[in-house]
Amino acid sequence: MQAKWDNSYAALPSQMFTRQAPVPVAAPKGLMLNSDHAEELGIIFGEDWPVFLAGNQIPLGADPIAQAYAGHQFGHWNPQLGDGRAVLLGEVLGPLGRFDVQLKGAGRTAWSRNGDGRAWYGPVLREYMISEAMHALGIPTTRALAAVSTGETILREQGPLPGAVICRTASSHIRVGTFQYFAARDDKQALDALLQHAIKRHYPEAQTAERFLSAAVTAQARLIAQWMGVGFIHGVMNTDNSHVGGITIDYGPCAFMDDFVPMKTFSSIDRQGRYAYGNQPNLAAWNMAQLATALLPLTEDRDASIIRFTEIVQSFGDIFDLEYSAIFSRKIGLPSDQETDALIDGLLKMMADIGADFTLCFRALAMGNLHAHLGAHPDFADWHARWQAAGPAQAELAQINAAIIPRNHLIEAMIADAVAGDLRLFHALHGALKTPFSHCENPRFATPPSPQEIVTKTFCGT
């Protein structure tokens, strides 16, 4: 494995991480290598790539660490979390710039608590598939570089399962919870070093805590609007899963909606609906308020900064509303204005009233057959007449509204097949999801689940 490494996070104050090599596995074997992404990053792999991406051999120039962070988990403060089963190999410099390369499922670290630090096929292949699908949809996200089987058996509640490691890349792995960790310890040295590092990585034009917060709020508002536009539900928007650079991170109990239910949840641990589809904007704003609180120790005038930071966090709603309106206006082919907003609201209300499929309805709008999905609704004829009268740019909609998403029942079927030793569905679905706006040749991939296939609960990637 050849790459140009420059490990700036590992050069920060030592309390921000522990030096930690991945724990070697019994028999690394490649499941999937994202060769196109490797080329983008300037990484050259040989046939022995599984040895490096399972953690059995450290690439020359890498400096492996496990990062420290804290977080609010379902609103409850946990002062110490950290990389419990992930090791950051380091940062590579390539055509796309600086990117983290991290192994997830790489063994126990100082932050593992009672966990084994390992992962099995389910969360590894789910994250690989969905993160790459999000990238193809144009949504900021961590990327999957590779998946490797370990040749080991992992014990979980479901029983013994085959072990795996995912190698993912990111513009960084800096979370809201990373800032919270040092703010809670009143460690201004580390907090300031983290801020300067995060500014360089994500917002080089933001030279103060205030400007950094403003940039993070804007990026987060845009990201959540993009999630809403594809019916994506993250499932566990804790502050340790909220990225200051505005990218999607930590694919645990995530899912894409089939039928449109505004307060839809999937996560098996989200019993109160805290992270439901419709709650995601509010929770993202709440996370940004926690970031603001963590940044306060770095300000000179605390009282004045509280006022200004409050204004910045409160601006989240207006930024989100503008982004949401722009995204859904494009989805129905009209300019963003009050009349279009009313048409968007009307369309979503009809979809919610009859439980219509989110993805298929917007795709049908592009294909000219929305009546097949909503024609029975009493408001449809009037809505459709008003939409047509507004002069939609219908020819563009097929490149805005996806034909295919990683539907939950297909993800679960893919995982079951892979555990049984059959990766054909994984490869076929992965190939189709690379071009989500094209006509899907396999009707199975573009079809909602049958009643027997519906998935109602997803689980964290443990």
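The values are calculated or read from the model by the stated rules, or taken from the named source; none is laboratory data. Keep in mind that what you see is a predicted model, and the values were worked out from it rather than measured. Reconstructed Cβ throughout: ideal geometry from the backbone, glycine too, with neighbour counts over all protein chains shown. Just the protein is used for accessible areas: all its heavy atoms, side chains included, with ligands, DNA and RNA removed. Shrake-Rupley method; radii C 1.70, N 1.55, O 1.52, S 1.80 Å.
Of the strands (runs of 3 or more DSSP E) contained entirely in the range 1-106, those carrying at least 3 residues that are of a type outside the set (Ser, Thr, Tyr) and open to solvent by less than 40 Å² (accessible area, probe 1.4 Å) fall at 29-33, 65-67, 86-94, 97-104. Among the residues of the range 418-459, those identified as among the aliphatic types (A, V, I, L, M) and either within 22 Å of residue 161 (Cβ to Cβ) or not in a helix (DSSP H, G or I) (or both) are 418, 419, 420, 423, 425, 429, 454, 455. Quick check: anything in the range 224-233 part of a helix (DSSP H, G or I), over 30 Å from residue 356 (Cα atoms) and either touching an Asp or Glu at 6+ places or on another chain (Cβ under 9 Å) or touching a residue at least 12 places away in the same chain (Cβ under 8 Å) (or both)? Checking the range 224-233: not a single residue is part of a helix (DSSP H, G or I), over 30 Å from residue 356 (Cα atoms) and either touching an Asp or Glu at 6+ places or on another chain (Cβ under 9 Å) or touching a residue at least 12 places away in the same chain (Cβ under 8 Å) (or both).
The set of residues in the range 329-362 being closer than 19 Å to residue 385 by Cα, within 28 Å of the chain's Cα centre (by Cα) and polar (S, T, N, Q) consists of 329, 336. Taking into account only those residues within the range 183-192 that are of a type in the set (A, V, I, L, M, F, W, C) and in contact with a Phe, Trp or Tyr (Cβ under 9 Å, 6 or more places away or on another chain), which is most open to solvent (accessible area, probe 1.4 Å)? Ranking the qualifying residues of the range 183-192, first place goes to 184.
Taken over the range 293-325, the criterion of being surrounded by 13 or more Cβ atoms within 10 Å (Cβ to Cβ), of a type in the set (Asp, Glu) and without any contact (Cβ under 8 Å) to a residue 12 or more places away in the chain is satisfied by 321 alone. Only one entry of 156, 175, 168, 143 meets the criterion of being surrounded by fewer than 22 Cβ atoms within 10 Å (Cβ to Cβ), among the basic types (Lys, Arg), at pLDDT 95 or above and out of contact with any Leu (no Cβ under 6 Å at 6 or more places or on another chain), and that entry is 143. The condition (being under 26 Å from residue 277 (Cα atoms), at pLDDT 95 or above and not hydroxyl-bearing (Ser, Thr, Tyr)) is satisfied by just one residue among 417, 357, 422: 357. Can you confirm whether the range 116-133 contains a residue that is free of Cβ contacts under 8 Å to residues at least 24 places away in the same chain and either over 15 Å from the mean Cα position of the chain (by Cα) or open to solvent by 10 Å² or more (accessible area, probe 1.4 Å) (or both)? No.
Residues in the range 235-271 that are aliphatic (A, V, I, L, M) and closer than 23 Å to residue 176 by Cα: 236, 237, 244, 247, 249, 255, 269. Per the listing 333, 375, the residue uniquely within 28 Å of residue 443 (Cα to Cα), exposed (fewer than 13 other Cβ atoms within 10 Å of the Cβ), at pLDDT 95 or above and of a type outside the set (Ser, Thr, Tyr) is 375.
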